[in-house]
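*Asks:* I'd like to ask you about the structure that follows.
The values are calculated or read from the model by the stated rules, or taken from the named source; none is laboratory data. Source: prediction; values computed, not measured. For neighbour counting, all protein chains shown are included, and Cβ atoms are generated from backbone atoms with ideal geometry for every residue, glycine included.
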Amino acid sequence: MSAPQSARRPAAVVMVQSLLWLWLIGLSVFVALGYQTMNDQADQERLDSRLQRLEARAAGLVESIEAIQQRSAVATAADLKDTRQVLEARAAQVEKSLSGYAAADDLQALRAEVEQIKARQTAAPVPRAAAPAQPRASGKAAAKPEPPPLPFRVVGAELRAGQRSVSVAPSSADFTPDQLQVLLPGDALGPWHLQAIEGNTAVFQAGNQTRRVAIP
């Protein structure tokens, strides 16, 4: 009976020690990650406090293993199962605690980034709507239509009854003396009215059009 009991006892101890080492390795990894996420003294103090509690739990686990090794009774399968469940439960608590702490830091960092983006959007000037492009003015002004030529021409001026008058003839090159007409200011020839005689210029008007003709 003593030989089988001795064989079972080292196997139980090895299993418990293996679980403890795995838990300690995982704890070291989470602690290293926790140190990387520390940004200020307050976070460092909180992590130190948690590490102290974790170290106390680890010390309790070591004492439990030593008690198992010193027991004279054979470790049964039920004892090993209970011990493994305790170790797994404590390891899960540690992992949850550290992961929650890291998630809180991530959430805080994300909130800080969102606030920075909001601040940038508030500070950025609102772009003004571009003014509609004005059509470019044509380089050349629209040519005004030239008034139609006079149907007659001024060929001279004279005094009649103490008032100046002008003599007009058809606009063709050749004309006869009987085609000459004498116009006083106010007289009309067709649609054109003689408005005035200003020096050597005769002023004619037809509707809104005014023509100034030099007197030869």
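Listed here are the residues, each with its yes/no results for (1) farther than 19 Å from Ala196 by Cα; (2) modelled with pLDDT under 80; (3) not aliphatic (A, V, I, L, M).
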| residue | (1), (2), (3) |
| --- | --- |
| Ala130 | yes, yes, no |
| Pro135 | yes, yes, yes |
| Gly139 | yes, yes, yes |
| Pro147 | yes, yes, yes |
| Phe152 | no, no, yes |
| Val155 | no, no, no |
| Gln163 | no, no, yes |
| Ser167 | no, no, yes |
| Pro170 | yes, no, yes |
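*Asks:* Continuing with this model, one more query. Hey, could you check region 155-180 for residues that are of a type in the set (Ser, Thr, Tyr) and loosely packed, with under 13 Cβ neighbours inside 10 Å and say which is farthest from Ala214 (Cα to Cα)?
*Replies:* Looking at residues that are of a type in the set (Ser, Thr, Tyr) and loosely packed, with under 13 Cβ neighbours inside 10 Å, I get Thr176.
*Asks:* Mind listing just one residue for me: the one in region 181-216 that is more than 15 Å from Leu150 (Cα to Cα) and of a type in the set (A, V, I, L, M, F, W, C) and, of those, surrounded by the most Cβ atoms within 10 Å (Cβ to Cβ)?
*Replies:* The selected residue is Ile197.
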